[in-house]
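The values are calculated or read from the model by the stated rules, or taken from the named source; none is laboratory data. Keep in mind that this is a model prediction, so the values were computed, not measured. Neighbour counts run over all protein chains shown; Cβ positions are idealised from the backbone, glycine included.
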Amino acid sequence: MTDALAPWVLYARIAQSTIHLLQVRPQLIWLRFAAFLTQFALIAWMAVRLLGWA
């Protein structure tokens with residue numbers, strides 16, 4: 001399960017870092033937050049699966 005989601009966590013992290021380097025505008029801050037939230041959700045889902053709660 002984690003092997004399938006790990007690349008997506010990495011892609012979201014790269015997106016967040018790239019957006020951070022571009023500029024500081026409200027629209028980009030929201031996109032950066034969306035990338036962070038994506039990472040958080042994917043990692044949380046991996047933890048749930050690894051703990052056997054799902």
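Given the conditions (1) at pLDDT below 95; (2) surrounded by 14 or more Cβ atoms within 10 Å (Cβ to Cβ), which single one is not true for Leu42?
(1)
With (1) surrounded by 15 or more Cβ atoms within 10 Å (Cβ to Cβ); (2) touching a residue at least 24 places away in the same chain (Cβ under 8 Å) as the list, and Thr2 as the residue in question, which single condition is left unmet?
Among (1) surrounded by 15 or more Cβ atoms within 10 Å (Cβ to Cβ); (2) touching a residue at least 24 places away in the same chain (Cβ under 8 Å), the lone unmet condition for Thr2 is (1).
For Val48, indicate whether it is loosely packed, with under 11 Cβ neighbours inside 10 Å, free of Cβ contacts under 8 Å to residues at least 60 places away in the same chain and among the hydrophobic types (A, V, I, L, M, F, W, C). Walk me through how you get there before you give the answer.
Details: loosely packed, with under 11 Cβ neighbours inside 10 Å: no; free of Cβ contacts under 8 Å to residues at least 60 places away in the same chain: yes; among the hydrophobic types (A, V, I, L, M, F, W, C): yes.
The answer is no for Val48.
Looking only at segment 13-47, count how many residues are part of a loop (DSSP other than H, G, I, E, B) and of a type in the set (A, V, I, L, M, F, W, C). Reasoning before the result, please.
Here is the first cut: in segment 13-47, the ones part of a loop (DSSP other than H, G, I, E, B) are 23-25.
Next, only the ones that are of a type in the set (A, V, I, L, M, F, W, C) stay: 24.
Here the count works out to 1.
For (1) at negative phi; (2) among the aliphatic types (A, V, I, L, M), each residue gets a yes or a no:
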{"site": "Asp3", "(1), (2)": "yes, no"}
{"site": "Val9", "(1), (2)": "yes, yes"}
{"site": "Gln16", "(1), (2)": "yes, no"}
{"site": "Arg25", "(1), (2)": "yes, no"}
{"site": "Leu31", "(1), (2)": "yes, yes"}
{"site": "Thr38", "(1), (2)": "yes, no"}
{"site": "Met46", "(1), (2)": "yes, yes"}
{"site": "Gly52", "(1), (2)": "no, no"}
